[in-house]
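See structure below.
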Amino acid sequence: MTPQRTHADFTGQPLFVGLDVHKSSWRVSIHTAEMEYKTFTQPPQASALLSYLHRSFPGATVHCAYEAGFSGFSAAHELRAAGLDCLVVHPPDIPTTEYDRRHKNDRNDARRLSRELRSGHMRSVYVPTQEQIEARTLVRMRAVLIKKQTRCKTQIKMALLFLGVEIPATINNAHWSHGFIAWLETLTQRSSHSAVALRMLLEELLSLRAQVLAITLYIRAMARSAEYAPTVDLLTTIPGIGVLTAMILITELMDITRFRSADTLASYMGIIPDEASSGQKTVTTGVTARRNAALRHVIIESAWTAIRNDPALLQVYQRASHRMAKSKAIVIVARRLVNRLRKVWLTGIAYESGITAGKFPHAAVSPVTE
């Protein structure tokens, strides 16, 4: 008589799953509350993991974690939609031992994630919605195109220097005016090998300029939509913040309530000081290396604009620049802008020049934000 197969039931039991995510495969490590169960390799799809867990651990309360990286948040979205608790962890926030550093491989990385997830020592970064990701991707693409455009301009100027071509003083400026472009076009019409090279560089530049213009117009149209216009209108009341800057702030920060204080927001932007201390010795090492690069750049640029439009911030900058380098003084101005930004965004009240006093409201913060 063949014995009947009994079906396992893990209802209410916790399961901790660490994922080392790669393009071609995922390394999966599973811990129960008492022990390490299994580490294996699977295809790089959330659906494959869900199928395995439903088949092997029916009813279990599953907690997953993987490192933030190239794969974005699609796996987290799919796993959360299936009812699993999924953390996306900033790699430097994962506790690491000397053994982990000396024996780093996919298997050990997955086991470490699973182990630390079970211990409760990890927290997730903010997981944006698909709509938020798409909006941020678009706004970031403008910065990518501008960087390419700048590199192309540099290549053209270096080519001119190498060829010994002197730029006329009347059009030699940083703005690349229509007159300057027209002069470059005359150089490309010569019958020489270098003219062909210059023509290719100029065509690339003109193409990039057209792309930057198109994406800028698109983002400005987004800023006038019902979804973004109220917040854009609020933020642009702050001196130094224009429409494009406001769109960068909105798409990068996404949800201002996840920052419980202005200090937390400044830390996320990377405009707080870092320090190294040992015993009685403490050394300030400048602004922190940990930051959102896009936000730090844009808030510093906004600070330079703000001191030309706001006498109060100009005074802050002048007082600070008497005792420190100007590059450090502008960070203090940027910190003031962060205070204004958070207050305006949270209260929904437009900024009024001269009204800077008062405490900033503290909003509820999700435990999975940073």
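The values are calculated or read from the model by the stated rules, or taken from the named source; none is laboratory data. None of the values given here were measured: they were computed from a predicted structure. All Cβ positions, glycine included, derive from the backbone under ideal geometry; neighbour counts span all protein chains shown.
Within segment 121-139, no residue that is not assigned by TED's automatic domain parsing to the domain that holds VAL243 and at pLDDT below 95 sits with its Cβ atom under 8 Å from a residue that is part of a helix (DSSP H, G or I) and among the β-branched types (Val, Ile, Thr) at 6+ positions apart or across chains.
Only a single criterion out of (1) surrounded by fewer than 14 Cβ atoms within 10 Å (Cβ to Cβ); (2) in contact with a helix residue (DSSP H, G or I) (Cβ under 6 Å, 6 or more places away or on another chain) is not satisfied by MET254, namely (1).
If only residues of segment 179-232 that are more than 30 Å from ILE250 (Cβ to Cβ) and hydroxyl-bearing (Ser, Thr, Tyr) are counted, the one that is modelled with the lowest pLDDT is SER191.
Among the residues of segment 36-68, those identified as within 21 Å of THR11 (Cα to Cα), assigned to a loop (DSSP other than H, G, I, E, B) and out of contact with any Leu (no Cβ under 7 Å at 6 or more places or on another chain) are PRO58, GLY59.
Any idea which residue in segment 231-243 is nearest to THR129 (Cα to Cα), counting only those that are free of Cβ contacts under 8 Å to residues at least 60 places away in the same chain and in a helix (DSSP H, G or I)? My answer is VAL232.
Only a single criterion out of (1) farther than 15 Å from LEU160 by Cβ; (2) exposed (fewer than 15 other Cβ atoms within 10 Å of the Cβ); (3) of a type in the set (A, V, I, L, M, F, W, C) is not satisfied by MET222, namely (2).
Select, from SER74, SER119, SER47, SER51, the only residue that is more than 27 Å from the chain's Cα centre (by Cα), exposed (fewer than 13 other Cβ atoms within 10 Å of the Cβ) and under 30 Å from LEU265 (Cα atoms).
On the way: SER74 fails: more than 27 Å from the chain's Cα centre (by Cα); SER47 fails: under 30 Å from LEU265 (Cα atoms); SER51 fails: under 30 Å from LEU265 (Cα atoms).
Every option except SER119 fails the conditions.
Out of THR61, THR11, THR32, report the one residue that is free of Cβ contacts under 8 Å to residues at least 24 places away in the same chain and farther than 20 Å from ASP106 by Cβ. Walk me through how you get there before you give the answer.
On the way: THR61 fails: free of Cβ contacts under 8 Å to residues at least 24 places away in the same chain; THR11 fails: free of Cβ contacts under 8 Å to residues at least 24 places away in the same chain.
None of the other options fit; the residue is THR32.
Scanning segment 158-183 for residues that are within 20 Å of ALA210 (Cα to Cα), in a helix (DSSP H, G or I) and within 37 Å of the chain's Cα centre (by Cα) yields HIS178, PHE180, ILE181.
Within segment 75-124, track down each residue that is outside any helix (DSSP H, G or I) and of a type in the set (Ser, Thr, Tyr). Spell out the reasoning first.
The first filter runs over segment 75-124 and keeps only residues outside any helix (DSSP H, G or I), leaving 82-90, 94-97, 103-105, 120-124.
Correct list: THR96, THR97, SER124.
When segment 126-140 is filtered for residues that are out of contact with any Phe, Trp or Tyr (no Cβ under 9 Å at 6 or more places or on another chain) and surrounded by 15 or more Cβ atoms within 10 Å (Cβ to Cβ), the ones remaining, listed by number, are TYR126, GLN132, ARG136, VAL139.
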